[in-house]
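*Asks:* This is the structure I have questions about; it appears just below.
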Amino acid sequence: MSRQIALLRGINVGGHNSFPKARQLELAESLGLKEVSVLLQTGNIVFADPGTPPEETARMLHDRIAADLGLTVPVVVRTRDELAAAVAANPFPAAVPEPKSLHVTFLSAVPADTSRLDALHQAAFAPDQYRLIGRELYLWCPGGIGRSKLAETVGRVRLGVTATARNWNTVTKLLALADA
């Protein structure tokens, strides 16, 4: 059976937007989603493909979270195959042994204007690097994301689309869960 993966942005981070794992599961099931699993507390929901396009599933989850919890939570949804393609497209295979140094920002759409991102002089941030491939922005920070000036700078670039990031550990665990 095919799967979809919902990635919620900004919940249960630093005590903000409280949305416990059990409540995430309950909400997804109340929408009629089947075979629901929640990974971690930070908004990673895997479920049987409901037969709707990912964008529609994202809207449905967003609207229900707003109605039930009063939270405005951006949601990005990928199919299992889209997530697998994002894993396969990783432009930084050298980062895989240190998965916390590699992050993927999932975008709701291909950005129409990447000029602000393109204007960054990556050499100034070495050894940190980024690469935009379709609807995924990969960020490799060998010294750690928390100390990275590139991560901070890229995080401020507005691309005009919904975005939410996950570290490589989480990305690969989500794919494994979607394959289970």
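The values are calculated or read from the model by the stated rules, or taken from the named source; none is laboratory data. All figures in this text were calculated on a predicted structure; none of them were measured in a lab. Note: ideal-geometry Cβ built from the backbone for every residue, glycine included; neighbour counts use all protein chains shown.
*Asks:* If you scan region 123-151, which residues turn out to be in a helix (DSSP H, G or I) and either on the phi > 0 side of the Ramachandran plot or surrounded by 14 or more Cβ atoms within 10 Å (Cβ to Cβ) (or both)?
*Replies:* Our first condition is that a residue be in a helix (DSSP H, G or I); within region 123-151, this holds for 123-125, 145-147, 149-151.
Matches in region 123-151: 125, 145, 150, 151.
*Asks:* Report whether or not residue 36 is of a type in the set (Val, Ile, Thr), touching a helix residue (DSSP H, G or I) at 6+ places or on another chain (Cβ under 7 Å) and under 28 Å from residue 144 (Cβ atoms). Break it down stepwise before answering.
*Replies:* Working: of a type in the set (Val, Ile, Thr): yes; touching a helix residue (DSSP H, G or I) at 6+ places or on another chain (Cβ under 7 Å): yes; under 28 Å from residue 144 (Cβ atoms): no.
It is false that residue 36 is of a type in the set (Val, Ile, Thr), touching a helix residue (DSSP H, G or I) at 6+ places or on another chain (Cβ under 7 Å) and under 28 Å from residue 144 (Cβ atoms).
*Asks:* Filter region 97-122 for residues that are of a type in the set (A, V, I, L, M), assigned to a loop (DSSP other than H, G, I, E, B) and surrounded by 13 or more Cβ atoms within 10 Å (Cβ to Cβ) and give the result. Don't jump to the end; show me each part of the working.
*Replies:* Start the filter on region 97-122 by keeping residues that are of a type in the set (A, V, I, L, M), which leaves 102, 104, 107, 109-110, 112, 117, 119-120.
Narrowing further to those that are assigned to a loop (DSSP other than H, G, I, E, B): 109-110, 112, 119-120.
The answer is 109, 110, 120.
Matching residues to (1) of a type in the set (A, V, I, L, M, F, W, C); (2) over 17 Å from residue 76 (Cβ atoms):
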{"site": "92", "(1), (2)": "yes, yes"}
{"site": "104", "(1), (2)": "yes, no"}
{"site": "111", "(1), (2)": "no, no"}
{"site": "116", "(1), (2)": "no, yes"}
{"site": "122", "(1), (2)": "no, yes"}
{"site": "127", "(1), (2)": "no, yes"}
{"site": "130", "(1), (2)": "no, yes"}
{"site": "133", "(1), (2)": "yes, no"}
{"site": "139", "(1), (2)": "yes, no"}
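*Asks:* Please determine, by comparing only the residues of region 1-43 that are of a type in the set (A, V, I, L, M, F, W, C), out of contact with any Ser or Thr (no Cβ under 8 Å at 6 or more places or on another chain) and part of a loop (DSSP other than H, G, I, E, B), which one is modelled with the lowest pLDDT.
*Replies:* 1
*Asks:* Can you tell me which of 63, 68 is without any contact (Cβ under 8 Å) to a residue 40 or more places away in the chain and of a type in the set (Asp, Glu)? Let's see the steps before the verdict.
*Replies:* On the way: 68 fails: without any contact (Cβ under 8 Å) to a residue 40 or more places away in the chain.
So the residue among 63, 68 that is without any contact (Cβ under 8 Å) to a residue 40 or more places away in the chain and of a type in the set (Asp, Glu) is 63.
*Asks:* I've got another one for you. So for region 71-85 (the condition being small (Gly, Ala, Ser), within 15 Å of residue 173 (Cα to Cα), in a helix (DSSP H, G or I) and within 15 Å of the chain's Cα centre (by Cα)), does at least one residue qualify?
*Replies:* Looking through region 71-85, at least one residue is small (Gly, Ala, Ser), within 15 Å of residue 173 (Cα to Cα), in a helix (DSSP H, G or I) and within 15 Å of the chain's Cα centre (by Cα).
*Asks:* If you don't mind, there's one more thing I want to ask. Of all the residues that make up region 42-59, how many are surrounded by fewer than 19 Cβ atoms within 10 Å (Cβ to Cβ) and aliphatic (A, V, I, L, M)?
*Replies:* So the answer is 1.
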